[in-house]
Each structure stands twice: as structure tokens, then as C-alpha cells.
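Have a look at this one.
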Amino acid sequence: MPKPFARTTNLISIYKQLRPFISPYRYMIYGTLFLTFLGALAAQVNPLVLKYTVDEVTELVNLPDPMSEGIHVLVVITAILLGKELANIFIQFGQKFYGEKIRISVSSVLAQTAIDKILRYRIAYFNDENHETGKLQTRIDRGIESLTKLVQNFFIDILPLFSNAIIALIIMYMQNVYVGLVSTVVVPIYFYVSSLQARRLSGVRRTLRNQREQKTSGLLNLIGSIMVIKSFVREKFEGKKQYDLQMQLMDSQLYTRRTSFIYDGLKTFIEQFGVVLIILLTVYLVLDQQMTIGAIMLHIMLFNNVSSPIRQLHRIYDDMNDAFIYAEGYFDILNADEETEPNGTVVDSNIKGTFELKNVDFSYPNGTKALNNVSMRIENGKTTALVGLSGAGKSTVINLLCKFYLPDEGNITLDGIDLNQYENSFLRGDIGLVLQRNHIFQGSIEDNIRYGNMDANFEEIETAARKAYLHDQIMDLPQGYQHDATQLSGGQQQRIAIARLFLKDPPIIFLDEPTASLDAIATEQIKNSLDAIKEGRTVIIISHSLSQILDSDMIYVMKKGHVVENGTHDQLVDMNGTYREIFDASARSLNLDKLVSSYRDNQ
Ligand code: ADP
């Protein structure tokens, strides 16, 4: 199991994994690199021009008519400086814009790749506690954020600043080896202090971010649970929790600031110490007539070019550390190819719908054993009911028949062919699934029903809604079919699921407690809709409502993952076993005797 916060990656492995994502942009990258090189050259123009100016002016003031002689110096300086600035506008623009373009493009490719991959993973992947929705989202977001920051840092900070520093150093060495040496000696000290600063701050920065997130989500949770808080009179308790969080956040913020200020001060001192050394050395060399006066300015400015990237080092170092940590989590998600849903190739356009389970064993990925040596036959064109207490394994059977999970032992066939050999999209295209609660997507009623068949036109959607007893209710809404579907009641949402089923029109239908959360009237209407659609199709129904299972062609009774009885309602009642127990309990809970007598009295 990968540890989410362990640093086990390095820059090379990140680069290797990132390469496929950046290689489509390689020409843009080469262009950006070239512009970076030009930019680094341009950054040395000012120091060189200043040296030239000082040296020329020093000579000119000794001449009899410095003004007239100096004109050509002014012209040269103006031309070079303005020319450089003009060129710089384009260089900087190109370099920054294309650097950003690479970053934004890489970031969107990374995001889309993660989504495409995740959509192909099997359901078991999402059962893992490490892959809960929130965790996956955070890991993907943080991974992409830190990777793109790395790319951005590289093109916008690291590369320009460091090429600038290297060229400045080369010029210093070319001018005078000793000056070059002095600046080179200061660099590692500066480096060391910067990395100390980064190390001191990196842990805190992460804590700070977590605390900020906690604070934000804390407020959201607070608002979300405001009714519970008020009903239990827990305002003070919740307020104190937030206050404690705020205090922790404040401590971390102050610590970060204090550390930063101390190290920044230290770094400024070291930098200035370098400047002093360079002034001393260059002044000595000037007095010794090995250098001209202009060289003093030149070297101070060049030294600034050398030290400025290192000033940013702690931030870059920190971002890189983040990338090491978060990139791993992101690439783990991306590289879980073994989690891709297994798929078959059979596309039999004439599916009848006879399922046969033979000695099927199945445990969920967390180890819960849900099915034990289960054998059953689901006849095509008939209605089969699965009955049993909660947790008996009924829904699990449906999960396996949809190929959401694969059995551990035994096998399942559909029309005599191993279920594994069917192509998933083809198989699922032939199955209509209605659950106790069905997912309603953000959007209109029309779009939600259309999910059953993306090619359906409006008339077909309306017909499906009529069959699901939903049309009249929709007409009462101000915006009709354009009404926001998530605002509908539970019963109405259930009808949307049934309308989807009508629209999909599949030969096989699995109903998993489709009316469990509905009132009596809605239950009756939905039962009518379902009875209409059940005609001539293979249906499996799971229900606690006797009315929906009484007339099934075959009933399988499940208990703790086993099939314990099977037969028709009458046969099972006669058996006096588990089914009878459940049946009697249901009758008692309905207070059937009283119901029947008052029903008779009123007839
Ligand atoms: P039923 O539909 O009969 O109520 P299920 O098939 O949903 O029962 O569940 C059978 C057993 O499998 C139960 O013990 C349940 O807790 C467990 N189970 C169901 N879904 C999962 C899952 N996604 N991960 C782990 N265990 C599960």
C-alpha cells in the first residue's frame, strides 16, 4: 500500500512519468528554452553597458572638451539599452506566455487523463478506503497542482534565473578569475542557508495548508449541520472547536513568518557580505591597475544576477518537495492499470437472458464474504424474486450479474456463455437497473430521463414519463421538463429512474427494492409501471414488499450468503421454512388480520 505522505520519488522518476505529458509540447519547449537563453544574455547587458559607460566617462573627463567627445558614448549607450529593452519585451512575453501555455496544457492533460483512467477502473477499486471519493479528488488535485507548479517553476523561475546566474558567473570569470572565485564561494553558503530555511518551513507549510482546509471545511460542515447543532444546543461546543483550530492556524502562521524573517535577514547579510567582498577585491584590483573603475559596478551587478535565483531557492525547493510527495499519489492513481475493468469480446445481438449461477463464492474487497456456494437459474422472460433479510447477499447477486464484480469461485453464464466473455458495455446496455435510490444528475428532468437513451427525442422522453406516471406531475411544475431534477421528491426521482428504464427498453431488468422508500400511492403507481414493463422480459426483483414477489415465477430465499430455499410462493409457504418465517413476520407487521377485517367491513 503506497504511503501517501512518504517521499519515495525523485526528480528523475517524476520527469520520466511526466515526459509523455510534456512531449507533445516539445517544440514549444525548445522555443521557450531558446528565449530563456536570449533572456539570460540580455540580463547581462546592463552591467556591461554600465562598465563601458563608467570607463568611457572616466577617460572623457580627462579630455579638453568632454561634452562634444562624449556624444557618441551617449548615442551608443542609449541605442544599446533601448534596443535591449525592446527585444526584452518580446523575449519576456514569449518566454512567460509559452511557459504558462505549457503549464496550462500539461495541467489539463493531467486532469483529463486521471478522469479517463478512473472511469475505466472496476468498481472494486472504489471500495478501497484509500480510494474514497474525497481522497481521490484531493490526491488528483494536489498531484496536478504540484506537478504543474514544478513545470511552471522550471520554465518561469528555475531555468531563466539559473541560466542568468551561470552566464553572469562565466562573464565574471572571464573578467577576472579571483572575482569569479569569490562569488562562487559565497554561493554554496547562500545555498545552504536557503535549503535550511526550506526544510524548516516545508513541514509547517503543509500543516498550514491542512489547517486552512480544515478551517474551510469546518465552516461548511457547521452550516450543513446547523439544525442538529441548534437542536442539541451545541453552539458553544462547535464555536470552541473552531476557535481551537483558529489558534493552531495562528501559531503556524506566526512560526512561518518568524522563521522566514530570520532566514531572510541572514540571507541578506550573506549576500551583502558577498557584495562587500567583491567591492573590496575589485577596488583593490582597480587600485592595482589590473581593472578599470567600471569593473566595480560590473561585478556588483553581475553578482546580483548570481544571487537572485538563490534568493528564490527556498520557495522552489519547497515546491519541489511538494511535487515529490503529491506526484506519487497522483501517479499511483494513473498507473493502477491492473484495476482496469476486465472486458470480454462477445457481442451477441440476440440476448435472451437466461442466467445461471453455479457454486458462486464471492467476497468484497474488504474481505466481507457475501456469497457462499450460490447456485440459481434466472429464466429468460420470467420474473425471479430474491428474498431474504438485509445483508443476505441479494444485491450482491445483482452486482455480479452486472459484472460490477467478478466471482471468486464458481461461474456465471448468460445464455450458456460465460459472463466474463461478454463485452461490458454490450452486456450493461441490455440490462436495466432500478435501485432503491437512483442517482439523479444535476440538470433538467428531460436530461435526466434522456440518460436512459442519449439518442431519444423529446416525444420519446414524454412517452417514457407517461408510462412512469410522471408526466402529469411534471406538467404541474413551472418549468415542466426543464425543472431541476434534483429538487424533485424521492418518489418523483424514483419515477425518473423508471422512465429511464422505459427509454432504455432493455431485455433484462434488475429491480433492487424499487419502492422501498415510497409512500403507498407512489408504490402502487410504480408497481403498475413495473408490471407493464416486466412483460416478456427477464426480471429479477428484490423486495421486502410481499405484493411484488407473490406472483413471481420463481423465488430464491437467501440467508447469510446462502440460497436456502427456492420455489413459487405457494411451494415456499408450504415448506414452512425461512420464507414462511419472513412471510409471517411481514403479515404480522402489516397487522394483516385487522387490515383484512376492516377492508371486508368497508366493502
Ligand atoms: P442484501 O442486498 O441482501 O441486503 P448485500 O448483497 O447488499 O445484502 O450485502 C451482503 C453482504 O455484503 C453484507 O454483509 C454487506 O455488509 C456486504 N457488502 C455489501 N456491499 C459491500 C461493499 N461494497 N463492500 C463491502 N461489503 C459489502
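The values are calculated or read from the model by the stated rules, or taken from the named source; none is laboratory data. As the structure is a prediction and not an experimental result, all values here were calculated from the model. Because the Cβ atoms are built from the backbone with ideal geometry, glycine has one as well, and the counts that use them run over all protein chains shown. When the accessible area is computed, the model is the full protein with side chains, heavy atoms only, and any ligands, DNA or RNA have been set aside. Shrake-Rupley method; radii C 1.70, N 1.55, O 1.52, S 1.80 Å.
Can you tell me the alpha carbon radius of gyration of segment 88-198 divided by the globular rule-of-thumb value 2.2 N^0.38 Å? Don't skip to the end; give the middle numbers.
Numbers: Rg = 21.4 Å, N = 111, 2.2 N^0.38 = 13.2 Å.
Output field value: 1.63.
Could you give each residue of segment 398-408 its phi-based ³J(HN,Hα) in whole Hz, using Karplus coefficients 6.51, -1.76, 1.60 with θ = phi - 60°, and x for Gly or Pro?
5, 4, 6, 5, 7, 6, 5, 9, 10, x, 7
When a/c reaches 1.5 or more, the comparison of a/b and b/c decides; with that in mind, is segment 432-577 rounded, prolate or oblate per its Cα gyration tensor?
Numbers: a/c = 2.45, a/b = 2.14, b/c = 1.14.
Prolate shape, in that a/c is at least 1.5 and a/b is the bigger ratio.
Given Cβ point charges of +1 (Lys, Arg) and -1 (Asp, Glu) and nothing else, what value in debye, to the nearest 20, does the dipole of segment 11-339 about its Cα centre take? Working shown, then result.
On the way: 32 positive and 30 negative charges, 256 e Å.
It works out to roughly 1220 debye.
While we're here: Please compute the Kirkwood hydrodynamic radius of the chain from all pairs of different C-alpha atoms, in Å with one decimal. Intermediate values should be presented prior to the final figure.
On the way: mean 1/r = 0.0320 Å⁻¹.
It works out to 31.2 Å.
Follow-up question, since we're still on this one. Counting only helical runs of four or more DSSP H residues, what would the 222 nm mean residue ellipticity of the chain come to if each run contributes -39,500 (n - 2.57) and the total is spread over all its residues?
On the way: 23 runs with 388 residues, N = 603.
Calculated from helices alone, the mean residue ellipticity at 222 nm is -21500 deg cm²/dmol.
Could I get the Rg over Rh figure for segment 512-603? Both from C-alpha atoms, Rh via Kirkwood, rounded to two places. Walk me through the numbers before you get to the answer.
Numbers: Rg = 14.6 Å, Rh = 14.8 Å.
Across segment 512-603, the Cα-based Rg/Rh ratio is 0.98.
Compute the FRET efficiency between Asn335 and Met67 as 1/(1 + (r/R0)^6), taking r as their Cβ-Cβ distance and R0 = 56 Å, and round to the nearest 0.05.
Numbers: r = 72 Å, r/R0 = 1.29.
Computed FRET efficiency for Asn335 and Met67 comes out at 0.20.
Here's something else I'd like to know. Please identify every one of the trypsin sites (Lys or Arg not before Pro) in segment 321-405 that sits in a loop by DSSP and has no more than 16 other beta carbons within 10 Å of its own beta carbon. Display every interim value, and only then the final one.
Numbers: sites: Lys352, Lys358, Lys369, Arg377, Lys382, Lys394, Lys403; in loops: Lys352, Lys382, Lys403.
Filter output for segment 321-405: Lys352.
Using 0.36 nm per residue, how much length does the chain from Ala79 to Ile417 gain when fully extended, once their Cα-Cα distance is taken away? Mind showing how you got there, number by number?
On the way: separation 338, 0.36 × 338 = 121.68 nm, distance 8.30 nm.
Difference between extended and current length: 113.4 nm.
Separate question: If you roll a 1.4 Å probe over the heavy atoms of the protein chains, what accessible area per residue do you get for the chain, in Å²?
Details: 32350 Å² over 603 residues.
On a per-residue basis, the chain sits at 54 Å².
Below 23 Å, Cα to Cα, which lysines can Lys16 reach? Residues fewer than 8 away in the same chain don't count.
Within reach: Lys3, Lys101, Lys117, Lys149.
Right, something else. Positive end of the charge dipole of segment 57-202 (Lys, Arg +1 and Asp, Glu -1 on Cβ, about the Cα centre): tell me which of Asn130, Phe90, Val186 has its Cα farthest that way.
Asn130
Let me ask you something else. Determine, from the Cβ-Cβ distance of Leu477 and Glu356 and an R0 of 45 Å, the FRET efficiency 1/(1 + (r/R0)^6), rounded to the nearest 0.05.
Values: r = 45 Å, r/R0 = 1.00.
Efficiency, rounded to the nearest 0.05: 0.50.
Report the gain in length on full extension from Val109 to Ser260: 0.36 nm times residue separation, minus Cα-Cα distance, nm rounded to one decimal. Show your work: numbers first, answer last.
Numbers: separation 151, 0.36 × 151 = 54.36 nm, distance 3.52 nm.
Going from the current span to full extension adds 50.8 nm.
A further question on this structure: Short version: ³J(HN,Hα) in whole Hz for each residue of segment 235-246, in order, from phi by Karplus 6.51 cos²θ - 1.76 cosθ + 1.60 (θ = phi - 60°), x for Gly and Pro, what are they?
Values, residue by residue: 4, 5, 4, 5, x, 5, 4, 5, 5, 4, 4, 4 Hz.
Among Ile440, Ala585, Leu63, whose Cα projects farthest towards the positive end of the dipole of the chain, with charges put on the beta-carbon of Lys, Arg (+1) and Asp, Glu (-1)?
About the Cα centre, the residue reaching furthest to the positive side is Leu63.
Still on this structure, please answer the following. Describe numerically, in nm with one decimal, the distance between label points set 7 Å from Cα along Cα→Cβ at Ala124 and at Ala587.
Roughly 4.4 nm, to one decimal.
Cut-off under 18 Å on the C-alpha distance; same-chain residues fewer than 8 positions from Lys403 excluded. Which lysines are left, in chain and number order?
Partners within reach: Lys352, Lys358, Lys369, Lys394.
For Glu565, what residues show an amide H to amide H distance below 5 Å, using hydrogens built from the backbone and excluding near sequence neighbours?
Val557
I need the calculated FRET efficiency for the pair Arg377 and Thr345, taking r as the beta carbon distance and R₀ as 25 Å, to the nearest 0.05. Could you put the intermediate results ahead of the total?
On the way: r = 25 Å, r/R0 = 1.00.
For R0 = 25 Å, the calculated efficiency reads 0.50.
Dipole of segment 11-339 (Lys/Arg Cβ +1, Asp/Glu Cβ -1, origin at the Cα centre): which of Ile270, Met227, Tyr15 lies farthest to the positive side?
Met227
If you restrict to DSSP beta bridges whose two residues both lie in the chain, what percentage is antiparallel, to the nearest 5? If you can, show how the numbers build up before the last one.
On the way: 20 of 39 bridges.
The antiparallel fraction comes to roughly 50 percent.
Hey, another quick one. Give me the log10 of I(q) over I(0) for segment 320-475 at q = 0.08, 0.09, 0.11, 0.14 Å⁻¹, as the Debye formula computes it from C-alpha points; what are the numbers?
With one equal scatterer per Cα and no solvent, log10 I(q)/I(0) is -0.36, -0.45, -0.65, -0.94.
Let me ask something else about it. Which of the trypsin sites (Lys or Arg not before Pro) across segment 478-567 are loop residues per DSSP, with 16 or fewer other Cβ within 10 Å?
Details: sites: Arg495, Arg500, Lys504, Lys527, Lys534, Arg537, Lys559, Lys560; in loops: Arg537, Lys560.
Here the sparse-neighbourhood loop sites are Lys560.
Right, something else. Within segment 146-162, which residues have the backbone N less than 17 Å from the label spot 7 Å out from Phe97 along Cα→beta-carbon, could you tell me?
156
Can you work out D for segment 11-339 in µm² s⁻¹ from Stokes-Einstein, where Rh is the Kirkwood radius over C-alpha pairs, the temperature is 37 °C and the viscosity is 0.692 mPa s? Mind showing how you got there, number by number?
Numbers: Rh = 24.0 Å.
Result for D is 137 µm²/s.
Compute, for the chain, the length of the dipole vector about the Cα centre, with Cβ point charges of +1 (Lys, Arg) and -1 (Asp, Glu) only. Units Debye, rounded to 20. Write out the running numbers ahead of the final one.
On the way: 58 positive and 66 negative charges, 357 e Å.
Computed about the Cα centre, the dipole is about 1720 debye.
Then there is this: Across segment 82-88, in residue order, what do the Karplus-derived ³J(HN,Hα) couplings come to in whole Hz, using 6.51 cos²θ - 1.76 cosθ + 1.60 with θ = phi - 60° and x for Gly and Pro?
Listing the rounded values in order: 5, x, 5, 5, 4, 4, 4 Hz.
What stretch of the chain, leaving out the sites themselves, is the longest with no chymotrypsin sites (Phe, Trp or Tyr not before Pro) in a DSSP loop having at most 15 other Cβ atoms within 10 Å? Write out the running numbers ahead of the final one.
On the way: sites that count: Phe5, Phe232, Phe441.
The segment 6-231 is the longest one with no such site.
If Leu266, Leu518, Leu298 are ordered by their accessible area, calculated over protein heavy atoms with a 1.4 Å probe, which sequence runs from highest to lowest? Please list the in-between numbers first.
Values: Leu266 80, Leu518 25, Leu298 0 Å².
The ranking, largest first, comes out as Leu266, Leu518, Leu298.
Straight-line reach from Lys241: which lysines fall under 18 Å, measuring Cα to Cα and dropping same-chain residues less than 8 apart?
Lys215, Lys230
Ignoring ligands, DNA and RNA, what percent of the accessible area of segment 11-339 is carbon or sulfur (1.4 Å)? Before the final figure, lay out the partial values.
Numbers: 12380 of 18400 Å².
Result for segment 11-339: 67 percent of the exposed heavy-atom area is carbon or sulfur.
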